[in-house]
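I have placed the structure first, in the form of structure tokens, so that the comments after it can refer back to it.
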Amino acid sequence: MNATRAPRSKFVLPSLALMGASLITLYAGGFIQFDDTSGFGSDRWVMPLGMFAGLLALCAVGVGLADRTARQAVGGALAVLDVVLVVQAIGNDGFRFIWGGDEGELFYLQVALGIAALFLLTPAFLTSKEATDKNPRPARSLSAWARFAIYVSALVFAMFVAFFTGTAHFQTTQCSGPGFDGECDIAVLEGLLWAGIAFMVGTISIVIAEVAKARRQRGERRLNGAASA
């Protein structure tokens, strides 16, 4: 008796091909460079090719969303791309990927790619609870992976907002006025402090939410067990 095989997804290869075509187009348009030691790589950009590459990337994600296998394949490709960006940014001073001279732009892109990969790699977004006498229709809720992806995204967003808010606060209170003459480089320290506080508050909030959810589910199981006894 032959074992039943899971059907292969017909969307994996097209989605990965579109992703590869997007990277090739970015390279052709000067958006991927390995020798830009001047820091002015944006002078070599061909904007129409950049827009076309962005369209190809969106199409790759759109095709990947057709089923779970293709979606996870695209997510894996984005994760690998993110790792390559980190390695190149650390080890190659001339590396440029869709950014001109501000390294913060590349960091934002790496974070965005990581979050996108996390969502695309999520095995399932919803889980079904067993039907009971009290609730004959099985309820659906967010899976643990989906909650983790949402928590990470919300935490990163809160940290970014706190960083920029803290930096702006320091610049407004300490680096402004007619008597100030110079740069305000240390403003990022207050931004980092605020981002650290946002991280701690967000992490504590996530733990509280998960503990409350676990206790609520335990209570529901006890009630269902008592009702069926």
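Among the residues of the stretch 29-70, the one identified as touching a helix residue (DSSP H, G or I) at 6+ places or on another chain (Cβ under 6 Å), in a helix (DSSP H, G or I) and more than 23 Å from ALA117 (Cβ to Cβ) is LEU49.
Using the structure shown, decide if VAL83 is under 22 Å from TRP145 (Cα atoms), touching a residue at least 12 places away in the same chain (Cβ under 8 Å) and part of a helix (DSSP H, G or I). Let's see the steps before the verdict.
Working: under 22 Å from TRP145 (Cα atoms): yes; touching a residue at least 12 places away in the same chain (Cβ under 8 Å): no; part of a helix (DSSP H, G or I): yes.
In short, no.
Residues that are surrounded by 19 or more Cβ atoms within 10 Å (Cβ to Cβ) and over 19 Å from LEU118 (Cβ atoms): does the stretch 77-96 have at least one? Yes, the stretch 77-96 has at least one match.
Could you check the stretch 181-206 and list, in sequence order, the residues that are under 9 Å from MET159 (Cα atoms) and of a type in the set (Val, Ile, Thr)? Within the stretch 181-206, ILE197 is the sole residue that qualifies.
So for the stretch 95-114 (the condition being among the acidic types (Asp, Glu), closer than 19 Å to TYR27 by Cβ and modelled with pLDDT under 85), does at least one residue qualify? For the stretch 95-114, residues among the acidic types (Asp, Glu), closer than 19 Å to TYR27 by Cβ and modelled with pLDDT under 85: present. Can you tell me which residue within the stretch 195-229, out of those that are under 17 Å from TRP145 (Cα atoms) and modelled with pLDDT under 90, is surrounded by the most Cβ atoms within 10 Å (Cβ to Cβ)? Applying the filter and picking the extreme gives LYS213.
Of the residues in the stretch 64-71, at least one is polar (S, T, N, Q), within 25 Å of PRO123 (Cα to Cα) and outside the structural domain of PHE163 (by TED's automatic domain parsing).
The values are calculated or read from the model by the stated rules, or taken from the named source; none is laboratory data. Small disclaimer: the values here were computed from a predicted structure and weren't measured. We place every Cβ from the backbone using ideal geometry, glycine too, and count neighbours over all the protein chains shown.
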